[in-house]
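> The structure is given below, and queries will be raised subsequently.
The values are calculated or read from the model by the stated rules, or taken from the named source; none is laboratory data. All values derive from a computational prediction rather than experimental measurement. Ideal geometry is used to build each Cβ from the backbone, glycine not excepted, and the neighbour counts take in all protein chains shown. The accessibility values were calculated without ligands, DNA or RNA, using every heavy atom of the protein model including side chains. Shrake-Rupley method; radii C 1.70, N 1.55, O 1.52, S 1.80 Å.
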Amino acid sequence: MLITHDTRCALDTVVDLVNTAPEEDTAPDGLPDVAALEVFVQQHQVSEVGVLTEFDLAAVRKIRSRFSAVFAAADARAAAGLINELIAAAGTTPRLTDHDGYDWHVHYFAPGASVADHLAADCGMALAFFVVAGEQERLRRCEAPDCRHAFVDLSRNRSRRYCDSRTCGNRLHVAAYRARRKEAAG
């Protein structure tokens, strides 16, 4: 599956956005205030965003939960329905643009759109490309028991199981190794 630069950026953004949500009620929100949203927007180079407000923060948190549902969707039909709702509500308006040193690419958000509509349109379309390509199963959650982070499995054989093999994957492999050694010594 060919993934263009702007689609990859949108995928990274949606994964990071979903992963800002608290995994449990007592965990802190990764977007606790407008300042954190501003940092998120800057780090992900979200273009054409004006001054952010509490309204923007609430709207981004709302679409974050809807994107989270896409990663939990049981099948392509369920994912497609969620994505269709997101991009329709955002008023998706495809247009070609070249800015900030990038060649021609497509923006799906309408000029002057809110940051939530911008994310819903561009990130929603990036996820839509996966559903259209029959690759919805690549939109996953980490299989580590103490982690439910979202990720996009871009491995060749669709075998990635953990959000980060150096942390979650390695931790589980070490625990399994120690359990086997303990059993063998026991």
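> Suppose the filter is modelled with pLDDT under 90 and in a loop (DSSP other than H, G, I, E, B); does R178 pass it? Explain how you work it out, then say what you get.
Details: modelled with pLDDT under 90: yes; in a loop (DSSP other than H, G, I, E, B): no.
No: the conditions fail for R178.
> Is it the case, given these coordinates, that A126 is within 25 Å of G50 (Cβ to Cβ), under 13 Å from the mean Cα position of the chain (by Cα) and modelled with pLDDT of 85 or more? Spell out the reasoning first.
On the way: within 25 Å of G50 (Cβ to Cβ): yes; under 13 Å from the mean Cα position of the chain (by Cα): yes; modelled with pLDDT of 85 or more: yes.
It is true that A126 is within 25 Å of G50 (Cβ to Cβ), under 13 Å from the mean Cα position of the chain (by Cα) and modelled with pLDDT of 85 or more.
> Against the definition (in a strand (DSSP E or B), of a type in the set (A, V, I, L, M) and either closer than 20 Å to S68 by Cα or touching a residue at least 60 places away in the same chain (Cβ under 8 Å) (or both)), how does V106 come out, yes or no? Let's see the steps before the verdict.
On the way: in a strand (DSSP E or B): yes; of a type in the set (A, V, I, L, M): yes; either closer than 20 Å to S68 by Cα or touching a residue at least 60 places away in the same chain (Cβ under 8 Å) (or both): yes.
In short, yes.
> Please find, among T92, T26, the residue that is exposed (fewer than 11 other Cβ atoms within 10 Å of the Cβ) and polar (S, T, N, Q).
It is T26.
> Which of the following residues is on the phi > 0 side of the Ramachandran plot, under 21 Å from the mean Cα position of the chain (by Cα) and either without any contact (Cβ under 8 Å) to a residue 24 or more places away in the chain or open to solvent by 50 Å² or more (accessible area, probe 1.4 Å) (or both): R158, R166, R148, R138?
Working: R166 fails: on the phi > 0 side of the Ramachandran plot; R148 fails: on the phi > 0 side of the Ramachandran plot; R138 fails: on the phi > 0 side of the Ramachandran plot.
When all the criteria are applied, what remains is R158.
> Which residues, taken from segment 1-50, are modelled with pLDDT under 95 and β-branched (V, I, T)?
Selection gives I3, T4, T7, T26, V46, V49.
> Mind listing whichever residues of segment 96-113 are buried (at least 20 other Cβ atoms within 10 Å of the Cβ) and either at pLDDT 90 or above or hydrophobic (A, V, I, L, M, F, W, C) (or both)?
First, the residues of segment 96-113 that are buried (at least 20 other Cβ atoms within 10 Å of the Cβ): 107-109, 113.
Selection gives F109, A113.
> If you check A116 against the conditions, is it aliphatic (A, V, I, L, M), open to solvent by less than 20 Å² (accessible area, probe 1.4 Å) and modelled with pLDDT of 95 or more? If you could, list the steps in order and put the result at the bottom.
Numbers: aliphatic (A, V, I, L, M): yes; open to solvent by less than 20 Å² (accessible area, probe 1.4 Å): yes; modelled with pLDDT of 95 or more: yes.
Criteria met by A116.
> For segment 122-166, which positions are in a loop (DSSP other than H, G, I, E, B), out of contact with any helix residue (DSSP H, G or I) (no Cβ under 8 Å at 6 or more places or on another chain) and within 26 Å of H105 (Cα to Cα)?
A133, E135, S155, R156
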